[in-house]
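In what follows, a structure is listed as structure tokens, so that the remarks can point back to it.
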Amino acid sequence: MQVIRIHHPLDRRLIANKPVVLAMGFFDGVHRGHQRVIAAAKKVADRRKLPLAVLTYNHSPAVVYRRIPGGAKYLTTVTQKASQMSRLGASVMYVVDFTSQYGAQSPQQFVDNYLVAFHPQVVVAGEDHTFGRGAAATMAHLPALARGRFEVVSVPTLANGSTKVGTRRIRQQIMAGELDLANEGLGRPYQTAGLVVHGFARGRQIGFPTINIDSPRSTVIPALGVYVTRVKVGHHWYGGMANIGHNETFGEGAPRTLEINLFHFHRQVYGEEVVVEWYSRLRDGVKFSSVDDLIAQMNLDRVATEDYLSARLRKKRLIVAE
């Protein structure tokens, strides 16, 4: 899939002169609700024998319009978003730099300057999608703004029971450590990426060597605690138990760290970019009365992690066999 970056004002030479079906949205997380929008757009594209294009943004519009304490936090990077869009069948993803000048366009200007320029036969988005400020910047008004130049498909919001499946809720669930609920909304395990850096080597000293991962500040990180994870190093995945905490057993005042004890892994990988796949929270972080108590608990955590991953692998094999 092709990824094309766009900065306002639009350089139309970047856009292929051929008709498409265009799905638009910020799509942070590419959760089940977003997947529903992309699937609807892909269905229309296949029926019309057209490529599927996606219009999205490099960061949240909220960054431009208001100060966000601590900075904006995202469920997916542009690279992760592109990977998911490719998996869902998109041929091209346009990533617009959301600037104040871009955001200053009226809804009609956005349609005239941008949407029409992508040569869409059909524009698809979630029914609650907005594309600017003001009452006219909604999917309900888009057919009138289109003026017959393209069709509009508005996809109903996906709900889990009475609750909308949405990025904000999934973000809150992850930050609360509720990975099982978050992954249900995402439709897959949550993933983060980061750089392996040097730590204090305390894990190695007690028989549980860990890799320490430095994640971008803009990444949503789960709450303090111990988690079932898998980590992709190079081209291979390894099971492991992750601890997000302050190493309270070894003293007070330490910074928060993300450390993962990988199973059946004995290499040094400082400086490697790795991907962490998050499954379930085993327990809260605890300050143990002794190192021996910590080791005993970590042995239990390892058994629980291996059992979880083994059961998940068996379930996956059964689904594939069916």
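The values are calculated or read from the model by the stated rules, or taken from the named source; none is laboratory data. Quick caveat, the model's predicted, so the values are computed rather than measured. Please note: Cβ atoms are built from the backbone with ideal geometry, for glycine as well, and neighbour counts cover all protein chains shown.
Descriptive notes on the structure:
- Residue pairs meeting the criteria (Cβ under 7 Å; at least 6 apart or on separate chains; first assigned by TED's automatic domain parsing to the domain that holds A41, in the stretch 74-87; second part of a helix (DSSP H, G or I) and surrounded by fewer than 20 Cβ atoms within 10 Å (Cβ to Cβ)): L75/R171
- Within the stretch 119-160, considering residues that are small (G, A, S) and either in contact with a strand residue (DSSP E or B) (Cβ under 9 Å, 6 or more places away or on another chain) or not assigned by TED's automatic domain parsing to the domain that holds V54 (or both), the one surrounded by the fewest Cβ atoms within 10 Å (Cβ to Cβ): A140
- Residue within the stretch 12-31 that is assigned to a helix (DSSP H, G or I), closer than 15 Å to L158 by Cβ and within 27 Å of the chain's Cα centre (by Cα) present: no
- Residue that is modelled with the lowest pLDDT [pool: residues in the stretch 278-294 that are of a type in the set (S, T, Y) and more than 18 Å from Y227 (Cα to Cα)]: S289
- Any chance A23 is crowded, with 22+ Cβ neighbours inside 10 Å, in contact with a helix residue (DSSP H, G or I) (Cβ under 6 Å, 6 or more places away or on another chain) and more than 23 Å from V220 (Cβ to Cβ): yes
Conditions tested, residue by residue: (1) at pLDDT 90 or above; (2) within 22 Å of G187 (Cα to Cα); (3) among the aliphatic types (A, V, I, L, M).
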residue	(1), (2), (3)
S215	yes, no, no
A242	yes, yes, yes
E252	no, no, no
R256	no, no, no
G271	yes, no, no
V276	yes, yes, yes
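- Criterion applied to A39, A62, A45, A72 was being surrounded by fewer than 17 Cβ atoms within 10 Å (Cβ to Cβ) and over 23 Å from T192 (Cα atoms), and the one residue passing it is A39.
- I221 falls short on exactly one of the conditions (1) assigned to a loop (DSSP other than H, G, I, E, B); (2) buried (at least 19 other Cβ atoms within 10 Å of the Cβ); (3) modelled with pLDDT under 95, and that condition is (3).
- Single residue of the stretch 183-202 satisfying the filter (assigned to a helix (DSSP H, G or I) and out of contact with any Gly (no Cβ under 9 Å at 6 or more places or on another chain)) that is modelled with the lowest pLDDT: R202
- Test: residue in the stretch 89-96 that is in a helix (DSSP H, G or I), of a type in the set (V, I, T) and in contact (Cβ under 8 Å) with a residue 60 or more places away in the chain: no
- Within the stretch 99-118, restricting attention to residues that are part of a loop (DSSP other than H, G, I, E, B) and either in contact (Cβ under 8 Å) with a residue 40 or more places away in the chain or loosely packed, with under 14 Cβ neighbours inside 10 Å (or both), the residue that is farthest from the chain's Cα centre (by Cα) is A104.
- Residues of the stretch 119-174 classified as over 28 Å from R47 (Cα atoms), in contact (Cβ under 8 Å) with a residue 12 or more places away in the chain, assigned to a helix (DSSP H, G or I) and not basic (K, R), total: 4
- Number of residues in the stretch 32-60 that are under 17 Å from the mean Cα position of the chain (by Cα) and part of a helix (DSSP H, G or I) equals 7.
- Verdict on T192 being among the β-branched types (V, I, T), in contact with a Pro (Cβ under 9 Å, 6 or more places away or on another chain) and touching a residue at least 24 places away in the same chain (Cβ under 8 Å): yes
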